[in-house]
1. Would you point out the residue of segment D:55-91, among those that are under 15 Å from D:Thr3 (Cα atoms) and buried (at least 19 other Cβ atoms within 10 Å of the Cβ), that is nearest to the chain's Cα centre (by Cα)?
2. In segment C:12-31, how many are more than 23 Å from the chain's Cα centre (by Cα) and surrounded by fewer than 18 Cβ atoms within 10 Å (Cβ to Cβ)?
3. Could you list, in sequence order, all residues of segment A:59-91 that are in contact with a helix residue (DSSP H, G or I) (Cβ under 6 Å, 6 or more places away or on another chain) and charged (D, E, K, R)?
4. I'm told C:Glu8 meets every condition in (1) under 26 Å from D:Gly19 (Cβ atoms); (2) in contact with a helix residue (DSSP H, G or I) (Cβ under 7 Å, 6 or more places away or on another chain) except one. Can you identify the failing condition by its number?
5. Which one of these is away from chain B (no Cβ under 13 Å) and not aliphatic (A, V, I, L, M): C:Glu84, C:Glu80, C:Glu29?
6. Name the residues in segment B:39-54 that are among the hydrophobic types (A, V, I, L, M, F, W, C) and either within 14 Å of chain C (Cβ to nearest Cβ) or surrounded by fewer than 22 Cβ atoms within 10 Å (Cβ to Cβ) (or both), would you?
7. Being of a type outside the set (Asp, Glu) and either touching a Lys or Arg at 6+ places or on another chain (Cβ under 8 Å) or farther than 21 Å from D:Gly19 by Cβ (or both) is the filter here; which residues of segment C:16-40 pass it?
8. For segment D:63-76, which positions are more than 9 Å from chain A (Cβ to nearest Cβ) and farther than 15 Å from A:Asp72 by Cβ?
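The values are calculated or read from the model by the stated rules, or taken from the named source; none is laboratory data. All figures in this text were calculated on a predicted structure; none of them were measured in a lab. Here Cβ is always computed from backbone atoms with ideal geometry, including for glycine, and neighbour counts include all displayed protein chains.
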There are 4 protein chains.
Amino acid sequence: MHTIRHREKLLSRVRRLRGQVEGIERALESDTGCETVLHLIAGARGAMAGLMAEVVEDHVLTHLVDADKHPDALDREAAEQLLEVVRAYLK
Amino acid sequence: MHTIRHREKLLSRVRRLRGQVEGIERALESDTGCETVLHLIAGARGAMAGLMAEVVEDHVLTHLVDADKHPDALDREAAEQLLEVVRAYLK
Amino acid sequence: MHTIRHREKLLSRVRRLRGQVEGIERALESDTGCETVLHLIAGARGAMAGLMAEVVEDHVLTHLVDADKHPDALDREAAEQLLEVVRAYLK
Amino acid sequence: MHTIRHREKLLSRVRRLRGQVEGIERALESDTGCETVLHLIAGARGAMAGLMAEVVEDHVLTHLVDADKHPDALDREAAEQLLEVVRAYLK
């Protein structure tokens, strides 16, 4: 099993995301207009994509290669190219 | 301002989504493995996309044309074609 | 059947897209590096998304309501909100 | 520079994609209906996503770790988890 590094940073992100989802819930409960609800969902979706991108980045940089057993085996430049694609698609 | 129809249905969706985000939070707090966290986020993202698709559908079918003032003005077939595209992109 | 307006503009877009796809083909034929191919594909994907967004915009503004039969029936503000969402998702 | 393996397979994909883009072009030239054009674009977009997924897969499996210098350094299970996420997002 691969545990996750930077958990505090990810927890901040996921708590902010929870706040945004609660905001959508409150907006729906209080009969807020459709346009506001669409904006709130778009914002929460962006936050979710950012969270996903960060977990994937962590996964690529720390789990694809066990750095203790194989130091320097991960090609950092190739990893960075991959993460660029991931970020572009998760926007 | 356009209020939202089917609010109860949307509220069920957003509450389920909140539960999924809380699940991600608990997973991060309890040091769950990266693979599980990735799956939880992918699930929550799907739920968010479904919520967005439903709000957009509601918006297209009820807000683009004021049916009281202009009954029958919305071309249902053209609207359905649009919603197919929206659903395909929000998957 | 709904014919498409602004066909010349869309044709320019699709021809540019074809040029980009041919560029990917040439890059693969000439054994270009992976990083360049990834960039070329990302560019072509952006062009495809822009084309899709433009056809959807045309569809929303001209096909959802038959303006000859129902002038003023389309709520322009609601349509614009929808197109904002579509553009955000097609980026 | 990382050259690409499986080039013939990728070339088949990109040529099929080019054929689909040419189909969109012909549809626009012949004043085909909007609904058909939307479907053609959606199909081409799927083909483009499949091409991107394949190049990314190749990149992950062959470029992140130089297998000649570091055999067995790439954690195949972690790589497969990453590719699952990539495929889900590129659908």
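1. Taking the candidates together, the pick is D:Val55.
2. We begin by selecting, within segment C:12-31, every residue more than 23 Å from the chain's Cα centre (by Cα); these are C:26-31.
Within this subset, residues satisfying the condition of being surrounded by fewer than 18 Cβ atoms within 10 Å (Cβ to Cβ) are C:26, C:29-31.
Number satisfying all stated conditions: 4.
3. If the condition is that a residue be in contact with a helix residue (DSSP H, G or I) (Cβ under 6 Å, 6 or more places away or on another chain) and charged (D, E, K, R), then A:Arg87 is the only one that fits.
4. (2)
5. C:Glu29
6. B:Leu40, B:Ala42, B:Ala47, B:Met48, B:Ala49, B:Leu51, B:Met52, B:Ala53
7. C:Arg18, C:Val21, C:Leu28, C:Thr32, C:Gly33, C:Cys34, C:Thr36, C:Leu38, C:His39
8. The first filter runs over segment D:63-76 and keeps only residues more than 9 Å from chain A (Cβ to nearest Cβ), leaving D:67-68, D:71, D:76.
If the condition is that a residue be more than 9 Å from chain A (Cβ to nearest Cβ) and farther than 15 Å from A:Asp72 by Cβ, then D:Arg76 is the only one that fits.
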